[in-house]
1. Whole number please: convex hull volume per residue, Cα atoms of the chain, in Å³.
2. Magnitude of the Cβ-charge dipole of the range 239-296, K/R +1 and D/E -1, about the Cα centre, nearest 20 debye?
3. Suppose each label sits 7 Å from its Cα in the direction of the beta carbon; what would the GLU256-MET1 distance come out to in nanometres?
4. How far is it, in nm, from the label point at VAL394 to the one at GLU82 when both lie 7 Å from their Cα along the line to the Cβ?
5. Using the Cα centre of the range 252-355 as origin and beta-carbon charges of +1 (Lys, Arg) and -1 (Asp, Glu), tell me which of GLY338, PRO271, HIS304 is placed farthest towards the positive end of the dipole.
6. Counting only protein heavy atoms and a 1.4 Å probe, tell me what percentage of the chain's accessible area is made up of carbon and sulfur.
7. Subtracting the Cα-Cα distance from 0.36 nm times the residue separation, let me have the gained length for MET75 to GLU238 in nm, one decimal.
8. Ordered by residue, what ³J(HN,Hα) values in Hz, to whole numbers, does the range 223-230 give under the Karplus form 6.51 cos²θ - 1.76 cosθ + 1.60, where θ = phi - 60° and Gly and Pro are x?
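The values are calculated or read from the model by the stated rules, or taken from the named source; none is laboratory data. In this text the structure is predicted, and so the values were computed from the model without any measurement. Don't worry about glycine lacking a Cβ; one is built from the backbone with ideal geometry, like all the others, and counts go over all protein chains shown. When the accessible area is computed, the model is the full protein with side chains, heavy atoms only, and any ligands, DNA or RNA have been set aside. Shrake-Rupley method; radii C 1.70, N 1.55, O 1.52, S 1.80 Å.
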Amino acid sequence: MRKLVIVGAGTAGTMMLNKLYNALDLSEWHITIVDKEETHYYQPGFLFIPFEIYNRRDVIKPKRDFFPPGVDVIMSEIDRIEPDKNRVVLSNNRILPYDYLIIATGSRVDPSEVEGMKDKLWHKNIFDFYTIDGACALRNFFKHWDGGKLVIHITEMPIKCPVAPLEFAFLADWYFTERGIRDKVDIHFVTPLPGAFTKPRASSILGDFLEKKNIKLITDFTIARVDNDEKKIVGWDETEVPFDVLVTIPTNKGDEVIARSGMGDELNFIPTNKHTLMAEGFDNIFVIGDATNLPSSKAGSVAHFQSDILFENFMDVIEGRKPSANFDGHANCFIESGFGKGILIDFNYDTEPLPGKFPLPGIGPFSLLEETKMNHYGKVMFRWMYWNFLLKGVELPIESNMTMAGKRL
């Protein structure tokens with residue numbers, strides 16, 4: 001029996017499990033998936049919890065609901081991966097040998113990376129929304145907040161779903177308008193980037209949205225510490241931004257098992273071939289999703305596009321061929337802009353987000369780089385698609401690599 005081990009049963013790991021389960025001969029393959037948590041989180045839904053659009057129940061399901069029969073499921077902490085020995089060592093010292101390994105260990109926020117961030121005001125006046133607990137704590141805070149200075153802050157890049165902080169700002173503008181206290185809420189968006197977003201063309205358009213919504217943009221801010229007593233964030237150049245409530249996106253890092261295994265960079269992301277999705281230096285290890293160090297977005301759509309490429313390359317490699325599929329960094333993101341509307345961007349490593357129609361050229365129904373109600377519906381519909389199609393590895397009618405069809409230069 002040839003042995004395939006998948007470490008990580010989040011979005012990327014579960015998709016790969018289902019795709020390969022349907023393709024491999026189980027009389028010849030033993031498939032194992034390992035994860036430390038039984039609960040699957042629909043992470044894009046965390047954004048909506050502070051604004052009482054979703055609740056905790058809307059974003060969680062048992063992971064086992066998405067595992068096919070006949071797969072060896074192990075719920076355990078992983079102590080380390082030993083790639084030189086082709087094995088995974090669990091926290092109870094159980095050894096999992098493999099012929100091929102897929103690493104899908106994702107990323108996590110680490111507020112302890114910034115002095116004072118996770119101090120006495122944590123989840124009292126300082127919140128994250130990239131965790132279920134942070135999102136729920138912020139919802140409880142906002143329900144009874146009467147206004148003041150709201151600072152939305154990105155610590156450093158890369159982060160999961162780079163548009164999510166902007167979406168949070170837009171939804172906050174809508175939420176406090178609906179509550180009738182928008183004039184009492186002063187919203188600031190603080191970023192280490194030179195603009196509102198990572199891509200210049202989209203950054204300009206999204207920056208205009210911030211201005212129209214009276215959200216003040218502070219760029220090139222590199223945080224040094226959080227002063228809990230004075231309620232302010234302080235940059236390395238001693239620039240200060242005071243707050244009444246701070247919604248921060250802490251440093252995003254890869255899983256600690258990657259550090260223990262000596263496989264990652266300084267943020268525990270794994271050096272990965274940007275086209276083949278193979279771990280650099282290894283011919284039997286693939287990496288997918290947020291665990292990679294690729295210059296693509298860390299988002300569910302990217303993991304979906306990567307899964308198609310990884311599947312093709314995995315089948316090539318196990319059959320003795322060189323990997324033939326190339327990932328182009330394709331990302332596709334709905335941006336909730338509030339008041340029942342949304343924006344859609346579609347881009348890759350080399351091509352900026354462009355205007356046009358998606359996915360059908362000239363028809364849509366979604367509009368690129370435009371604010372429409374249909375784009376909002378696309379964002380809302382995605383949760384159903386995620387649970388019923390994406391996680392199950394079902395083929396979707398969207399190209400894995402970006403196409404220029406329907407786009408205007």
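1. Residue-normalised Cα hull volume stands at 137 Å³.
2. Dipole about the Cα centre, nearest 20: 180 debye.
3. Calculated label separation equals 3.2 nm.
4. 4.2
5. Value: GLY338.
6. Heavy-atom surface of the chain belonging to carbon and sulfur, 1.4 Å probe: 49 percent.
7. Here the segment from MET75 to GLU238 would lengthen by 54.1 nm.
8. 6, 9, 6, 10, 8, 6, 6, 8
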